[in-house]
Amino acid sequence: MGIRGWWDVVEDAAELVWRRDCPGCAGTAVVPVAVGAGVCRDCAAALRRPPERVDGTGHPPVSAAGPYGGVHRALVLAAKDHHRPDAVQVLGEVIAGVVRHLVTVGELPDPRLAPVVLLPAPTRPSAARARGGCIVARAAAVAASGLGGDACAVPVAVLGEWASDSVGLSRVRRAGNLARSLCLDTTAVGRVRRLLRTPGAAACLIDDVCTTGATLSGFSLALAGRGVIPRSGVVVARS
Ligand SMILES: [Zn+2]
């Protein structure tokens, strides 16, 4: 067997090893996934669309990578319900893509020039435990490392287990409810405040799905009470 034939065998073997179902197709399609890429070619194309602003969310302004459907929804479900680490990785890359867009339009600073502090939205500790850790916090950490420079992810809050059900309430009431049921980590908040003292630095809230914006508004409200004013919100999907 010549050199060329040998490499053909290696490539065939590599494809067998990496052949798995794409987390963006909700596990319905089995496709070869290129080494190092998290999704199939179709899903990668669907994820390359420009981010969009979510209307009527109050403060801070929220941008979404896409609508809650198709590949965006499938990735969130693959991470949350099927505990797939590859989906969490892709969610982080998607979040980093939206942050890069906000850097381009001047809403957030270039992390090479000033700190960009990603603040993952809080979840209940019991929900995080069931998923092997908070999905949003893990995705935010992936995003920060992908952004490089002075980008960092700082989990600052968890949701109290007693947080009341806010179904049927207005967005403002829901935001107030959420702000009251947050447990802020004062050490982590202190670290964020120090980071934000650097000229040009900005904080950006991160979540998986935005429906009414109540979660991010409530989170923002609670942080404002501790001297942290987030400039933006970034979510994977708007529903
Ligand atoms: Zn796919």
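Every number in this text was worked out from the coordinates using simple rules, so none of it is lab data. All figures in this text were calculated on a predicted structure; none of them were measured in a lab. Cβ atoms come from the backbone with ideal geometry, glycine included; neighbour counts cover every protein chain shown.
Observations
- Residues of region 43-65 with an amide N closer than 20 Å to a point placed 7 Å from the Cα of D110 along the Cα-to-Cβ direction: none.
- Dipole moment magnitude, nearest 20 debye, region 50-238 about Cα centre, only Lys, Arg, Asp, Glu C-beta charged: 400
- Extended-chain gain in nm, criterion 0.36 nm per residue less alpha-carbon gap, S145 and L169: 4.9 nm
- Environment charge at P67 (Cβ cut-off 10 Å; Lys +1, Arg +1, Asp -1, Glu -1): +2
- Dipole orientation for region 50-238: of the candidates L147, V54, T212, T212 has the Cα lying most toward the positive pole (charges on Cβ; Lys, Arg +1; Asp, Glu -1).
- Modelled label reach - N177, point 7 Å along Cα→Cβ, region 140-163 residues with backbone N closer than 13 Å: 162-163
- Length added when fully stretched, A188-R41, from 0.36 nm per residue minus Cα-Cα: 49.0 nm
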